[in-house]
1. Using per-residue counts of other Cβ atoms within 10 Å, averaged over each peptide, order 296-308, 244-256, 52-64 from highest down.
2. Which FRET efficiency value, to the nearest 0.05, do you get for residue 41 and residue 104 by plugging their Cβ-Cβ distance into 1/(1 + (r/R0)^6) with R0 = 51 Å?
3. Could you state the number of Å between the C-alpha centres of the range 168-240 and the range 332-398?
4. Quote the relative contact order of the chain in percent (integer), defining contacts as alpha-carbon pairs under 8 Å separated by 6+ residues.
5. Between helix 226-240 and the chain, what is the angle of the helix's C-alpha long axis to the longest principal axis, kept within 0 to 90° and rounded to the nearest 10?
6. How much length is gained on full extension from residue 156 to residue 239, taking 0.36 nm per residue of separation minus their Cα-Cα distance?
7. Run the numbers for residue 96 and residue 205: contour at 0.36 nm per residue of separation, minus the present Cα-Cα distance, in nm.
8. Residue 43: which lysines have alpha carbons under 29 Å from its alpha carbon, excluding same-chain residues fewer than 8 sequence positions away?
Amino acid sequence: MSDTVDDVDLPYDEDEASQQEKIQSLEERLEILEAQNEEMRDKLLDANAENNKYQQKLERLTHENKKLKQSPLFVATVQEVTDEGVIIKQHGNNQEALTEVTDEMREDIEPDARVAVNNSLSIVKPLSNETDVRARVMEVTESPEVSYEDIGGLEEQMQEVRETVEMPLEKPEMFDDVGIDPPSGVLLYGPPGTGKTMLAKAVANQTDATFIKMAGSELVHKFIGEGAKLVRDLFDVAREHEPAVIFIDEIDAIAAKRTESKTSGDAEVQRTMMQLLSEMDGFEERGEIRIIAATNRFDMLDRAILRPGRFDRLIEVPKPNAEGREIIFEIHTRGMNVADDVEFGELAEEADNASGADIKAVCTEAGMFAIRDDRTEIRMEDFRNAWDKVQAESDETEDVSKTFA
Ligand SMILES: Nc1ncnc2c1ncn2[C@@H]1O[C@H](COP(=O)(O)OP(=O)(O)OP(=O)(O)O)[C@@H](O)[C@H]1O
Ligand SMILES: [Mg+2]
């Protein structure tokens, strides 16, 4: 029986075995193919992602390219919206033009709005009022809380600023009686962190005059004619609020020497400076307006700004001497819990070459050292450690700026 069964089964078995084998090998191949498939799919995904990335880059570059090829936009002010179109006045050259707008755009536009126009004077988009000098006046009349007592080691400079700025505003008759024109402006110059901005703020605090502060960098605008318009606004607002003091901090941003490069940005800065010069020269119309400017890049200033009649007084604000440093140490530790062993005279000698801003940093750091040591009283050693730290930090930044120079 078993033979028969074997006989019968044998071919079947053989068949089945080989088929089994085939299936197995097929399954193996399938597995391999599946693995390969998987791998390919991964690769495809990667490639797709890569493709996407390049596509995006391409789009960005195309966009950039288009923007670069586009001619620049100019700024204009809307004069009138009429049925025939919109009358605009270009900044810079003051030319008026009639231009057409879409109905959609017309809704966004009203007289006095600032708009960007292209070469053919079509309105491209309305602009927001980003810098409003008028708002600035309100802001400043209420602010600076610096007083003369907060400034150390600048007695002479302080005296001179007061003479040039405060006196003519408070006692104009003195100048009339004596028969001289009061000085029109002062330029404070000196290394960073020596108290120039502080000094101007103290004047603002002291005088009853309207104080308008504007940083040179804020006057530098990318739109043609904008910077000059801001300068004009600045003086207009000052005239409306006479007596007034205009403080232009970091004036080097607009009054740097003419450079070789002829980029339009440079030309725009030049225009802004020209406007400033012409406002300063218009002495008769200037009335009771004094100008204070500050810079730590005196070497960079265009000599035109220093001509007589513009800034009558150039006041150098140097780094403090030992005596000045001692006073500044005292000023900045007024509210601090300082131990009896602290000798500011000694510290002032040691912190040779420190600016006012450095000394302020030393005082804060000294406090930090005490806190780290779980003390509420600040000792001499804290100040010494702080000076070491501040010095090391400023060395570092100097190195960095040297690398970039
Ligand atoms: N003479 C000083 N007396 C007291 N504190 C000073 C003096 N000079 C500088 N400081 C401190 O340093 C800080 C920075 O000073 P300020 O902004 O007036 O320097 P600056 O001369 O305008 O510098 P920059 O040229 O960098 O604008 C002040 O807020 C003050 O805390
Ligand atoms: Mg300053």
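Taken together, the values in this text are just the output of simple stated rules run on the coordinates, not laboratory data. None of these values were measured; they are calculated from a predicted model. For neighbour counting, all protein chains shown are included, and Cβ atoms are generated from backbone atoms with ideal geometry for every residue, glycine included.
1. Packing proxy ranking, top to bottom: 244-256, 296-308, 52-64.
2. 0.60
3. 34
4. It rounds to 14 percent for the chain.
5. 40
6. 26.9 nm
7. So the chain would gain 35.0 nm between residue 96 and residue 205.
8. List returned: 53, 57.
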